[in-house]
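A short reminder: the numbers here are calculations on the coordinates, not readings from a lab. Computed from a predicted structure; not experimentally measured. Here Cβ is always computed from backbone atoms with ideal geometry, including for glycine, and neighbour counts include all displayed protein chains.
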Amino acid sequence: MADTFRTLSCHGFDSRLQVSDFTQTLAETVREASASGDPLCIQGGNTKKFLGREPVGKPCFMSGYAGVTNYEPTELVITAKAGTTLMAIEATLAEAGQMLPFEPPGFGVDATIGGTIACGLSGPARPYRGAARDLVLGITCINGNGQILKFGGQVMKNVAGYDVSRLMVGAMGTLGIMTEISLKVLPTPKQTKTLVFECSSSAGLKKMTSLFARSIPVTASAWHDDFLRIRLSGVKDSVDAAAAELGGEFDPDGDQFWQKLKEHRLDFFNGPGSLWRLSLKPKNEVLPLTDPYLIEWGGGLYWVKTSRPPSDLIKIAASAGGYITRFNGGDRTENLSGLGDVGMRLNQQLKKGFDPQNILNPGRLFA
Amino acid sequence: MHSLDKRFLNEIKRVLPSHTILLSEEQRKPYECDGLSGYRALPGAVLLPDTVDVVQKILALCQRYQIPVVARGAGTGLSGGATPHPEGVLLSMARFNQVLSIDQVAATARVQPGVRNLAISEAVADFGLYYAPDPSSQIACTIGGNVAENAGGVHCLKYGLTVHNVVSAQVVLMGGEILEIGGEALDNPGYDLLAAFVGSEGMLGVVTEVTVRLLPRPIAAKALMSSFDSTEDAAAAVARIIAEGIIPAGLEMMDNPAIVAAEDFVSAGYPRDAAAILLCELDGGIEEVETDVATVSRLLLDCGAIDVRVAQDESERARFWSGRKNAFPAVGRISPDYYCIDGTIPRRMLGKVLAGIADLATQYQLKVANVFHAGDGNLHPLILYDAGKPGEFERTEALGADILQLCVRAGGTITGEHGVGLEKIDQMCVQFGAGELEQFHALKKVFDPDGLLNPGKAVPTLSRCAEFNAMHVHGGHLPHPELPRF
Ligand SMILES: Cc1cc2nc3c(=O)[nH]c(=O)nc-3n(C[C@H](O)[C@H](O)[C@H](O)COP(=O)(O)OP(=O)(O)OC[C@H]3O[C@@H](n4cnc5c(N)ncnc54)[C@H](O)[C@@H]3O)c2cc1C
Ligand SMILES: Cc1cc2nc3c(=O)[nH]c(=O)nc-3n(C[C@H](O)[C@H](O)[C@H](O)COP(=O)(O)OP(=O)(O)OC[C@H]3O[C@@H](n4cnc5c(N)ncnc54)[C@H](O)[C@@H]3O)c2cc1C
């Protein structure tokens, strides 16, 4: 699509912003929706439709708006239109020996970078290399008034104005439709090695948590089905030295394991029942769970499969100072848990501040 | 005399002991400015609470009486963020100076906002841990001020800024409500309010507790110093190192005037005749550091370095860094006054922008020394001037504004780490359009509907920008840059 220069003139002064026809048309759609009050459902690759609360509204397709708009490997920054697929971005980065440090799950080949950032999900490397929100540098978006706005930029350090770009991460499209996103990228480690240890969850957890305070190049950890796996990444000598120090067996299928864990293709995820996600501060004691579970993120994340009502899980999560979300399957009408009254009120007001008519993905994040 | 409502003061006296309410001019004077000393105002009163409960009561009263509030940490800010409001309260958070708890398992520390940046690393040193963001002001500045400014430091290239190293915070909102944001889980429900607070310059709430993420001390660290006979070559070397897949712990550049000033001050062993030096620190495992030192040395020579030196021991490493760490005071010795600019640009524009700055300096007949975070593209041109000479400060400010516009045109930003405050409020009109500013105001309103926290800072009003932009022709140049403004 041809990008054109337009001068947006508002409030008596001009701001020059490069705006594509697509974005301009989309902004028009949002302005119409805002006037009529008819909600819009922002759709990327439609790979995460299970996530969050029920989507409603007229679909607003983003996947046609695709392409990397700027990538300069020595800047460690990639900028892409929001409908670009995650796979396309990963392929572009791989050619230059770089990667998205937060290893986002795609849950399907059509996943877009817009949907990825809107969901704010991060993969196995999260505790060690940062989350989606840590790597967002800037965005262009359309708010609920149909205004085309640009926040942050393509530089590592930027403290001009509030950090609206990061606010969009995990907002599930309820604060704005992102049309372009700039992300920090990193060089792909020269070497990775996965170690596997046969052990109880309790021993596995203790080993995982012990790594936080040690200078060891860990980039993933998970315990499941009596096996703890630890991934090391870096230059060859350091990885080898760390592997020797940690012991365990070398897992030749390690890369595959992390890929399957990230995309939820391990057998565990196919078991019966809904999939629950418990997020908490890493601790040394294993949670008292009776249903099948998998621990990752150095003990900061539990996945639980169960068909039972969530009341026990909610209690267990709360007593561990964490919170729980229904990730996939079952009743989607529950409201967001884990926010206090003040927090909930501010979340709702913030939504209003960005989308006064409540037309962008209404109710997808909370009622 | 102070200008505050008597009834308000009487109520304040009921919640705070009298020795923590500073009212006389003599007592208020030390608070009249932060690190940007060109901007001054006497606050109506200075309050020194030391419990969260009292902060809540103060903010409730200020809301009720519609009294502006400016929070203050150590007052080292460089953009006037802590400049007092003459009709308001200056809320000093300095007495909140306790490290509350340290969690060795999760590698986090819960601290009060008045704890100094360096004091956190000192408190956790026995566990082999440290707090990574290290602003040059780290012996003095507070973690509350760091959160408010999203402070960075030499090690941020590899380890991130404040926003990447703070996991949760407790804040008191205008009106007195407590809000917990973020959390010690690795992700948290709802919008990322913590992201909105970090870097919000005291505009959204008063931070009363901060939990930071700690990192294990790297096993090995080595510093290299390389000298160049052109700044362009040095700038190219920065890109080459990154392109090789190496992220140094720190990658700093100094140009000739800065080198000479630092050398005269601390004798760091810098080559006085070099056009630029690059200081590069590599850390990690022993093997990794050895490999990286060899690779980086080779790249630097490839890029035209005339000399590359690897620090042979800890004392030499400390000496290499001493020149960089003392660069600001060193420049302070060679000029009666200096003004520190803080723009960020894409790395690939370094050479061009440095040349542009030199041109502008010539045009304004002022000297500029450059000391900066090259790895992040975060520039700190120091403009040398003499406030005693009529018109020189105005020329300096105009040159600073032009440098920031140059940064924006190069695809960068008007502030990398020092914040907007009062200082760069007009440059915000260059960086953002009306829509973005409206969105910022809408966000501010969610947390502080009456606009009582730090009024007049960080985000300009639309009318102010309309006025500012009317003074400018397009393309970012003043009609007559040679003429003093006001
Ligand atoms: C005609 C039609 C009818 C449908 N009916 C139903 C139905 O009855 N029930 C049902 O469950 N589903 C239905 N769907 C699917 C539903 O539209 C999707 O679940 C929804 O579009 C969200 O897509 P997603 O979450 O898979 O998108 P993903 O691309 O996976 O995105 C995930 C999240 O990110 C948001 N997002 C994506 N791109 C951006 C962006 N650029 N900026 C901001 N936010 C973004 C999405 O809105 C979503 O919240 C229907 C779809 C269509 C086309
Ligand atoms: C010599 C020197 C070197 C410097 N080097 C660096 C550097 O390398 N990197 C860098 O990023 N900065 C640097 N700075 C700038 C400054 O040190 C930082 O901005 C620092 O974060 C300010 O902390 P402070 O405690 O002094 O805050 P103050 O100056 O007191 O306040 C700064 C802002 O924070 C707000 N604030 C303070 N405490 C709170 C609170 N508890 N709740 C809410 N708001 C609050 C204030 O209202 C104000 O807006 C340097 C400054 C100097 C003087």
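Under the definition of partner shielding as Cβ atoms of other protein chains within 10 Å of a residue Cβ, what is the mean value for peptide B:437-446?
6
Kindly give the semi-axes, whole Å and largest first, of the ellipsoid equivalent to the range B:21-89, taking each as the square root of 5 times a Cα gyration tensor eigenvalue.
20, 13, 12
Taking neighbour counts of Cβ atoms within 10 Å as a proxy for exposure, in what order, fewest first, do A:K48, A:K81, B:K424, B:K352 appear?
Neighbour counts put them in this order, fewest first: B:K352, A:K48, A:K81, B:K424.
Going by a ≥ b ≥ c, the root eigenvalues of the Cα gyration tensor, does the range A:293-356 fall in the rounded group (a/c under 1.5), the prolate group (a/b larger than b/c) or the oblate group?
prolate
In sequence order, what are the phi-derived ³J(HN,Hα) couplings for the range B:259-265 according to the Karplus relation 6.51 cos²θ - 1.76 cosθ + 1.60 with θ = phi - 60°, rounded to whole Hz, with x for glycine and proline?
Per residue, the Karplus-derived 3J(HN,Hα) values read 4, 5, 4, 5, 4, 4, 8 Hz.
How big is the gap, in Å, between the Cα center of the range B:131-210 and the Cα center of the range A:175-247?
When both Cα centres are located, 26 Å separates them.
At 4 °C and a viscosity of 1.567 mPa s, what translational diffusion coefficient does Stokes-Einstein give for chain A, taking Rh as the Kirkwood radius over Cα pairs? Give it in µm²/s as a whole number.
For the chosen part, D equals 59 µm²/s.
Alpha carbon centre of the range B:404-450 versus the range B:214-283: separation in Å?
Result: 31 Å between the Cα centres.
Taking each residue of A:206-212 in turn, how many C-beta atoms of other protein chains fall within 10 Å of its C-beta, and what is the average?
Across A:206-212, the average partner-chain Cβ count within 10 Å equals 3.
Students often check this: by mean Cβ neighbours within 10 Å, which of B:38-45, A:271-278 ranks highest, and how do the rest follow?
B:38-45, A:271-278
Between B:V99 and B:K367, what is the label-to-label distance in nm when each label sits 7 Å out along the Cα-to-Cβ direction?
4.2 nm
In degrees, nearest 10, range 0 to 90: what is the angle between the Cα axis of helix B:52-65 and the longest Cα principal axis of chain B?
70 degrees
Just to confirm the number: angle between the C-alpha axis of helix B:392-409 and the first principal axis of chain B, 0 to 90 degrees, nearest 10?
Around 70 degrees separate the two axes.
Taking 8 Å as the Cα distance limit and 6 or more residues as the minimum spacing, I'd like the relative contact order of the range B:1-51 as a percentage.
About 42 percent, as a whole number.
Helix-derived [θ] at 222 nm for chain A: sum -39500 (n - 2.57) over DSSP H runs of at least 4, divide by residue count, nearest 500?
-7500 deg cm²/dmol, from helical runs alone.
Using Cα springs under 10 Å in a Gaussian network model of chain A, which residue among A:L266, A:L205, A:L121 shows the largest mean-square fluctuation?
A:L266
Given a Förster distance of 56 Å, report the FRET efficiency between A:D226 and B:D359 from their Cβ-Cβ distance, rounded to the nearest 0.05.
0.25
Expressed in whole Å with the largest first, what are the equivalent ellipsoid semi-axes of the protein assembly as shown derived from the C-alpha gyration tensor as the square root of 5 times each eigenvalue?
Here the semi-axes work out to 39, 33, 29 Å.
Please arrange A:S215, A:S233 by counting, for each residue, the other beta carbons lying within 10 Å of its beta carbon, fewest first.
Lowest to highest Cβ neighbour count: A:S215, A:S233.
Using only the Cα atoms, what convex hull volume per residue in Å³ does the range B:220-330 have?
Output value, Cα hull per residue: 83 Å³.
Let me check against my output: what whole-number percent is the relative contact order of chain A, with C-alpha pairs under 8 Å and at least 6 apart?
18 percent.
Quick one: angle between helix B:350-364 and the longest Cα principal axis of chain B, in degrees between 0 and 90, rounded to 10, please.
On a 0 to 90 degree scale, this one is about 70.
Tell me, what is the FRET efficiency for B:K389 and B:H441 to the nearest 0.05, using R0 = 45 angstrom and their Cβ-Cβ distance as r?
0.70
To the nearest µm²/s, what D does Stokes-Einstein give for the range A:15-139 at 10 °C and 1.306 mPa s, using the Kirkwood radius over alpha carbon pairs as Rh?
101 µm²/s
Would you please name the chymotrypsin sites (Phe, Trp or Tyr not before Pro) within the range A:113-172 that are DSSP coil residues with at most 16 other C-beta atoms within 10 Å of their C-beta?
none
Residue by residue, what Karplus-based ³J(HN,Hα) values in Hz, rounded to whole numbers, does the range B:448-454 have, using 6.51, -1.76 and 1.60 with θ = phi - 60° and x for Gly and Pro?
With coefficients 6.51, -1.76 and 1.60, one gets 9, x, 8, x, 8, 8, 6 Hz.
Need one number for the range A:197-326: average projected area of the convex hull over its C-alpha atoms, nm².
7.8 nm²
So what is the calculated 222 nm ellipticity per residue for chain B, using -39500 (n - 2.57) for each DSSP H run with n of 4 or more, over all residues, to the nearest 500 deg cm²/dmol?
Taking each H run of at least 4 residues, the total per residue is -10500 deg cm²/dmol.
Once amide H atoms are built 1.01 Å from N in the peptide plane, which residues 5 or more positions from A:K281, or in another chain, come under 5 Å H to H?
Answer set, sorted by chain and number: B:A185.
Along Cα→Cβ, 7 Å out, is where each label goes; now give me the distance between the ones at A:R308 and B:D450 in nm to one decimal.
5.1 nm
Please list the equivalent ellipsoid semi-axes of chain B, computed as the square roots of five times the alpha-carbon gyration tensor eigenvalues, in descending order and whole angstrom.
Calculated on Cα positions only, the semi-axes equal 37, 29, 20 Å.
Which length gain, in nm to one decimal place, applies between A:A94 and A:F250 when the Cα-Cα distance is subtracted from 0.36 nm times their residue separation?
Between A:A94 and A:F250, full extension yields 53.7 nm more.
Run the simple label-point estimate for A:R214 and A:D331 please: 7 Å along Cα→C-beta, distance reported in nm.
That separation, rounded to one decimal, is 4.4 nm.
Please give the length that would be gained between A:T188 and A:D21 if that part of the chain were fully extended, namely 0.36 nm times their separation in residues minus their C-alpha to C-alpha distance (nm, one decimal).
Fully extending the segment from A:T188 to A:D21 adds 56.6 nm.
For a quick size check, give me the Cα extents of the range A:68-199 along its three principal axes, largest first, whole Å.
54, 34, 29
Ranked by Cβ crowding within 10 angstrom, fewest neighbours first, how are B:E32, A:E95 ordered?
Fewest-to-most ranking of B:E32, A:E95: A:E95, B:E32.
Under the definition of Cα pairs under 8 Å and six or more residues apart, what whole-number percent is the relative contact order of chain B?
Computed over chain B, the figure is 13 percent.
Where both partners of a DSSP beta bridge lie in the protein assembly as shown, what percent of those bridges are antiparallel, to the nearest 5?
Expressed as a percentage, antiparallel bridges in the protein assembly as shown total about 90.
What lysines sit close enough to B:K389 to cross-link, taking a C-alpha to C-alpha distance under 30 Å and skipping anything fewer than 8 places away on the same chain?
By straight Cα distance, B:K389 reaches B:K29, B:K325, B:K367, B:K424, B:K457.
Using modelled backbone amide H atoms (1.01 Å from N, in-plane), which distant-in-sequence or interchain residues come within less than 5 Å of A:T179's amide H?
A:T140, A:C141, A:I142
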